[in-house]
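Beneath this line is the structure, given in structure tokens, with notes to follow.
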Amino acid sequence: MGKRDGITEPWGTRTPYGPGEPWPVRVDSHLDGDLRPDDVDRWVRSAAVLHSNGDGLDIAVKDGRIAGVRGRADDRVNHGRLDPKDLFGWQANSSPDRLTTPLVRKDGELVEASWDEAMDLVVRRSKELLDEQGPGALGFYTSGQLFAEEYYTLAAIARGGLGTNHLDGNTRLCTATAAAALKESFGCDGQPSSYTDVDHADVIALFGHNMAETQAVLWSRILDRLAGPRPPAVLCVDPRDTPVARAATLHLAPLPGTNVALMNGILHEIIEHGWVDREYVERCTVGYDDLAALVADYPPERAAEICGLDAGEIREAARLLGSAERLLCTVLQGFYQSHQASAAAVQVNNLVLLRGMLGKPGAGVLQMNGQPTAQNTRECGADGDLTGFRNWANDAHVAELAALWNVDVGKIPHYGPPTHLMQMLRYAETGTLRFLWVSATNPVVSLPELHRIRSILDSPRLFLVVQDAFLTETAELADVVLPAAMWGEKTGTFTNVDRTVHLSEKAVEPPGQARPDLDIFLDYARRMDFRGNDGEPFPQWHDAETAFEAWKRASAGRPCDYSGLSYAKLREVSGVQWPCTPDSPEGTERLYTDGKFFAQPDYCEGYGRDLVTGAPMEPTEYRAMNPDGKAMLKAAEYLPAHETPSEDHPFFLINGRTIYHFHTRTKTGRAPELRAAAPEVWLEVSARDAEAAGLAEGDLAEVSTPRGAVRARVRIGGIRDGVLFLPFHYGYWDVEHPAGKDGDRAANELTFTDWDPVSKQPLFKTAAAALRRVGAVAAPAAEPVPATVDEEVVR
Ligand SMILES: Nc1nc2c(c(=O)[nH]1)N[C@H]1C(S)=C(S)[C@@H](COP(=O)(O)OP(=O)(O)OC[C@H]3O[C@@H](n4cnc5c(=O)[nH]c(N)nc54)[C@H](O)[C@@H]3O)O[C@H]1N2
Ligand SMILES: Nc1nc2c(c(=O)[nH]1)N[C@H]1C(S)=C(S)[C@@H](COP(=O)(O)OP(=O)(O)OC[C@H]3O[C@@H](n4cnc5c(=O)[nH]c(N)nc54)[C@H](O)[C@@H]3O)O[C@H]1N2
Ligand SMILES: [Mo]
């Protein structure tokens, strides 16, 4: 058994392997203090929840408390490995400041209340508003971090119980563009590829994806290929010098917001040099001629000029992609949260389709997710989609859902697309949305243009319910706070990027009166007295396993088919990929292996949109364009971003993540090792720009946009000239000043209210900013916390 420092060596010891070989097993574990594995009372099956990778793990329980974690050797996703957040983040569960009772606002203050009192208030307000204004007055904003059972229940309650169209997830900020890009190209959400493609690929291209920090275990898989015989070539597209960029064969650092121009330039070269799989394109796709005509206008010189690159770099990238035999592409927030998000993400699908790189080992595309359970938010329809990837504009799909729920078709709103979050906020701002129930998300840190968000959520007109495990910046504004059980304290299933479903079992009791989200939603439904057409209580299920069985029925026959799964099976096998049916009980490694797609007009999840304007396509147009349900090649013209550098604001400002923190740090900020690794916000500035601004390493700088200003200590290097980078993890909460508002450090004080026309995902990563030196500051005393991780390589 080896040991490593889990903070300074996040990817652990290399276990090299060659193409087509199995990825070796390495089991990582970390236990509390001096506890030894033999001292552990029980190991409880689960998977990681601080990213979308779905790493299988067991939770160690000692004296009724979580006391550590150990990677699961037999898990198909991680083969035993864990990342720093997984190894240390579980400590948040037993943090002394967990919410343990409901809170209600009285005379302006949040005070403790009983569950009856809090739920009665929520129900009373719901009924008043239903009477006064109808269901359109009520909205729900949920998460990518609950379980499938919880989303399915919430979707049923909102759409089938109340009949409101206002239900979305924070997946809107996260992977709405992944879903949109998959729908635009393949007719339906659902990841074509598998993580096992890393084992076979000869070229891996990461587009706006800092996998090393955000899916550290998957990155270890790539690092192990790079350390083995016949390693793949890696292409990185990111304005920063990330760990991915440093390991890459080729790194392109385009200016932020220019992804479409870059992709068009690359596709231009792919077509120009005949690197197109003609047979595949002919047999499996529509739209080639339009795409070829559009990208003909993007010779590398033109693309390079827009992107601030050399034409030679674009040619080199295209040659690498064009000569690959097994090409695997991944896409994430550098595309999804940037200008022309969906249009850019779709061009990666186009690249894969043109090259015929789908449905075979080592080839494909992963339109990545970010949050652990974002896939389930989308599948279950707790975002702006209908349950089971159903098409809200297809009456037969809505009727199916109504039959499943035993409610009238007219109850399920489908007069227009489900309301996306940014629109819900607008309704709240103008006063037609009067009730918002926020679960497992912290919008007062994570939404763009925070001063606006605070004023909307703080408005006395809006009744705000917040369901969380902690008194977050958002919970502080609530009228009612509901204390939630977290991962490890409740049972449910969730699905990672490559469609792998895991069961996460309850290991310990939640603190105080905290309750599982599922129980809270069902309690609401019973108190509201929702009923099906047979007069029986709706939803018809009452706990996690009955909810899962109901969800299985709702998914049957749809692309995300869970009908062959059960809790019993998920207790035997560590991770099964959907679709999993009685006919394919082992699950399905890759979609579209036969060149057939979920795009048939009667089956598809959506009829698509214009990639540049977002205008929806009519069903008849779709039918004419794609009668046989093939994959769709869709072209998009590049347009400049809405906010670009100017004299007053000469920098591009982008933001994102560090390996040590998860989002608004409600968990990682309470884990001593992770907190010590990144205690404060910083700003990345290139050496040239730092010199011009008179900034030395560690100086305090102020970065400002027309929305606000943030102060942060400078880190020099690692980014292209003219671009600044802020991590977005730091709201005003901190263990050291829990109630203090000495903020000025949230990246979203600076971002603007704008979204992609197709996916409606906010454009977090495009803003123009000014930079100035505030002064020198003393470096905070470094207090590293020992972070020992045990590693056992199994050969
Ligand atoms: N450690 C850690 N891991 C996480 C999370 C976390 O909070 N912390 N969150 C999880 C979640 S929910 C998500 S969504 C994922 C996100 O995972 P990633 O998308 O990998 O993370 P980000 O840092 O947001 O953005 C990725 C990169 O986009 C680059 N970028 C910015 N603008 C542009 C642009 O215009 N073009 C291009 N090409 N690149 C650009 C940034 O420099 C950044 O390195 O991570 C998941 N994993
Ligand atoms: N500027 C900028 N902004 C961004 C991004 C960016 O890159 N840049 N990224 C965006 C992306 S991709 C994402 S995913 C969002 C994330 O933004 P948020 O969703 O706001 O981030 P989290 O901190 O993960 O918030 C989750 C909340 O759920 C609570 N919680 C955890 N488990 C449970 C549970 O089981 N039940 C309940 N009820 N509560 C629970 C946590 O305590 C926490 O308060 O941020 C977005 N905002
Ligand atoms: Mo995300």
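The values are calculated or read from the model by the stated rules, or taken from the named source; none is laboratory data. The structure displayed is predicted, hence computed values, not measured ones. Cβ sites come from the backbone with ideal geometry, for glycine too, and all protein chains shown count toward neighbours. Surface accessibility is based on the protein's heavy atoms, side chains included, excluding ligands, DNA and RNA. Shrake-Rupley method; radii C 1.70, N 1.55, O 1.52, S 1.80 Å.
Some values worked out for this structure:
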read-out	value
The stretch 585-654-the stretch 470-547 distance, computed between alpha-carbon centres (Å)	33
The chain, accessible surface, carbon-and-sulfur percent (1.4 angstrom probe)	49
Two-site FRET efficiency, residue 289 against residue 13, from Cβ-Cβ distance with R₀ of 56 Å, rounded to 0.05	0.65
Gap separating the Cα centres of the stretch 290-357 and the stretch 697-776, nearest whole Å	29
Rounded if a/c under 1.5, otherwise prolate or oblate - the stretch 651-775, Cα gyration tensor axes	oblate
For peptides 348-361, 44-57, 644-657, sequence by mean Cβ density within 10 Å, most packed first	44-57, 348-361, 644-657
Neighbour cut-off at most 13 other Cβ (10 Å), DSSP loop, GluC sites (Glu not before Pro), the stretch 659-747	680, 697, 736
Chain lengthening between residue 403 and residue 513 when straightened (0.36 nm per residue, less Cα-Cα)	36.0 nm
Relative contact order of the stretch 2-96, defined on C-alpha pairs under 8 angstrom at six or more residues apart (%)	27
For the chain: accessible area per residue (Å², 1.4 Å)	33
Candidate lysines for bridging to residue 85, where Cα separation is under 30 Å - those fewer than 8 sequence places away on the same chain excluded	3, 62, 490, 506, 569, 667, 741, 760, 765
GluC sites (Glu not before Pro) restricted to the stretch 604-646 and DSSP loop, no more than 15 other C-beta within 10 Å	637
Whether the stretch 1-89 is rounded, prolate or oblate, judged on the alpha carbon gyration tensor where a/c under 1.5 counts as rounded	prolate
Peptide ranges 410-417, 720-727 listed from the most packed, as the mean C-beta count within 10 angstrom indicates	720-727, 410-417
Average Cα contact separation per residue, the chain, under 8 Å, 6 or more apart, as relative contact order %	20
Peptide ranges 592-602, 431-441 listed from the most packed, as the mean C-beta count within 10 angstrom indicates	431-441, 592-602
Global geometry of the chain, whether rounded, prolate or oblate, following the gyration tensor of its Cα atoms and the 1.5 cut on a/c	rounded
